[in-house]
1. Would a scan of the stretch B:313-327 turn up a residue that is among the β-branched types (Val, Ile, Thr) and open to solvent by less than 10 Å² (accessible area, probe 1.4 Å)?
2. If we only count helices (runs of 4 or more DSSP H) wholly inside the stretch A:1-108, which ones have 1 or more residues that are within 14 Å of chain B (Cβ to nearest Cβ)?
3. With (1) open to solvent by 30 Å² or more (accessible area, probe 1.4 Å); (2) within 10 Å of chain A (Cβ to nearest Cβ); (3) in contact with a Ser or Thr (Cβ under 6 Å, 6 or more places away or on another chain) as the list, and B:Val376 as the residue in question, which single condition is left unmet?
4. Could you please let me know if B:Arg12 is over 20 Å from B:Glu112 (Cβ atoms), in the same structural domain as B:Asp56 (by TED's automatic domain parsing), within 28 Å of the chain's Cα centre (by Cα) and open to solvent by 40 Å² or more (accessible area, probe 1.4 Å)?
5. Name the pairs whose Cβ atoms lie under 8 Å apart, with the first residue in the stretch B:314-340 and closer than 29 Å to B:Glu6 by Cβ, the second β-branched (Val, Ile, Thr) and open to solvent by 30 Å² or more (accessible area, probe 1.4 Å), and 6 or more positions between them or separate chains?
6. Tally time: how many residues in the stretch A:109-132 are in a loop (DSSP other than H, G, I, E, B) and surrounded by 15 or more Cβ atoms within 10 Å (Cβ to Cβ)?
7. Being without any contact (Cβ under 8 Å) to a residue 12 or more places away in the chain and in the same structural domain as B:Ser175 (by TED's automatic domain parsing): is that true of B:Pro310 here?
8. From the residues in the stretch B:214-240 that are surrounded by fewer than 20 Cβ atoms within 10 Å (Cβ to Cβ) and among the charged types (D, E, K, R), which one is nearest to B:Ile350 (Cα to Cα)?
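The values are calculated or read from the model by the stated rules, or taken from the named source; none is laboratory data. Only a predicted model underlies this, so the values are computations on that prediction, with no experimental measurement involved. We place every Cβ from the backbone using ideal geometry, glycine too, and count neighbours over all the protein chains shown. All accessible areas refer to the heavy atoms of the entire protein, side chains included, with ligands and DNA or RNA removed. Shrake-Rupley method; radii C 1.70, N 1.55, O 1.52, S 1.80 Å.
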Amino acid sequence: MKVEQISIFIENKSGRLAEVSRVLGEAKVNIRALSLADTSDFGILRLIVDRTDEARKVLQAHNFTVNKTEVVAVEVPDRPAGLAEILQILDDVQINVEYMYAFVERCSGNAVIIFRFDNVDEAIAALLGRGVNVLKGEQVYEL
Amino acid sequence: MIWNDEFETLPREALESLQLGRLQAMVQRVYAMVPFYKENFDRHGVRPEDIRTLADLQRLPFTLKQDMRDNYPYGLFSVPLEQIVRIHASSGTTGKPTVVGYTRRDIDNWSEMMARSFVAAGAHRGDVIHNAYGYGLFTGGLGAHYGAEKLGASVIPMSGGNTRKQIMIMKDFGSTVLTCTPSYSLFLAEAAREEGIDIRDLNLRVGIFGAEPWSEEIRGQIEETLNIKAMDIYGLSEILGPGVAIECVEAQSGLHIWEDHFIPEIIDPKTGEVLPAGELGELVITTITKEGIPMIRYRTRDITRIIDEPCICGRTHRRLQRMSGRSDDMLIIRGVNVFPSQIESVLVGIEGVEPHYQLLVSREGTLDILEVQVEVNEATFSDEIKILQELSKRIQKEIKDMLGVTCKVRLVEPRSIARSEGKAQRVVDLRNQDSGGA
């Protein structure tokens, strides 16, 4: 039920994002979803890719600082209040969303949103308990 | 183990009487042979015969690096050039280099002091000494080389640079002792890792590191990363080169300065007053056996204190505390004295933080701005912004707590702080560019 995400430390200077995508492209790693969080000094690039370990290895070989984290991919009904309902479920059990971002592809007509929770297992249990579809890692990498 | 039992364990009284005799002869000699010293002594109203006790040394004027530049290249030599068998010079990054000359006896004494230093640091005959100090005008390479040969060890004259080859030779030749700058030892370990070699698996047992200031925390890191005992050696070309003082492996605390060849003093760098025993200040050294270019009360600019207590190793020569920076490396940030080594000790005290840092000093209007750049590694990195921001804040707070100076902390990518293969450049001071001062 968990999805592996890699995050990369990026200094705020020109060409660093291009370098990440070049390195991944040369290793034939396909980016499935991404989000960039930034401050005035640095940014954190978070990626879901089709081959996580390979991506991590080639980026480290190019001296990038890379971490792997577990996130959750949730199917969200693509209609008004679709997201609000999901967030309400999480709020009911007092689970914090650290950050979230949308997946490019859809799944069975629904949107897919990547969540980073402070408590992953409880979040998954709460969502499943309320009938929400949580995607498996393999499904996400191949979307 | 002790290389020269007789001189290294001489009772204090005998050692001091030997010092006085040698000092008196030295003062006579420079007064007669070196016009600079005669003029300088005369100007300060002191004559060689005024030196009746060791305490009278304080009556003599200091010698500065600038005096060496003013007498470039051979003006301070106290023997004719025919007796000089070796010439070394400093890099001379600011102005002319400083030039030093050695007689044959100077080279013998230097080799003896380096051999003593190797033994004190735990090296012995049968060791393979991998000497990665630069060979050339810099005293490091040849100084360590001659000492290693005198000791009877097998010395590999690697010199600096060509890191991949260094690692191959270290592995294939079975090097047991490494001599280089502390920052280069970590650079070597990192480069070895990139070659797929764990430097901990090699035969290295002891590292003898000098030529740049380093902290106790960095020592811990080097010992862990290279799986060796890391020993601190001190020297400067104006006085000798490497081998002026060395830590003993027994105490690994403070560096024995060879007092049968040198007299150390500690002064207040601002007033020039000699400080009471045990106080921290600038190290001043007088050479009492040097023939080529004797130095009377040379101001080293290095900050240390003299440790008076007897050492468990049995040597009677007093110890200098690990150098805590240079009086001219000292940054004055908004009126506060800051040594880069203090910031280093804060960083290494925070779990996971790398000791790879750079200080960037600039001025906005009349305000000094200190930016501390710290590399982010996998131990400190997080996918959450707030955790990295907390790290920045924590570093900022701990520096503020220690120094009373508020700095800006900037997290940077690993290896974006230039790793020099020689001395680590820790400070970039942009203030001098607009003021033209300092």
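1. For the stretch B:313-327, residues among the β-branched types (Val, Ile, Thr) and open to solvent by less than 10 Å² (accessible area, probe 1.4 Å): absent.
2. By residue number, A:16-26, A:52-61.
3. Of (1) open to solvent by 30 Å² or more (accessible area, probe 1.4 Å); (2) within 10 Å of chain A (Cβ to nearest Cβ); (3) in contact with a Ser or Thr (Cβ under 6 Å, 6 or more places away or on another chain), only one is false for B:Val376: (1).
4. yes
5. B:Gly314/B:Ile2; B:Gly314/B:Thr9; B:Arg315/B:Ile2; B:Arg315/B:Thr9; B:Thr316/B:Thr9
6. Looking only at that region, the number is 1.
7. The answer is yes for B:Pro310.
8. It comes out as B:Glu217.
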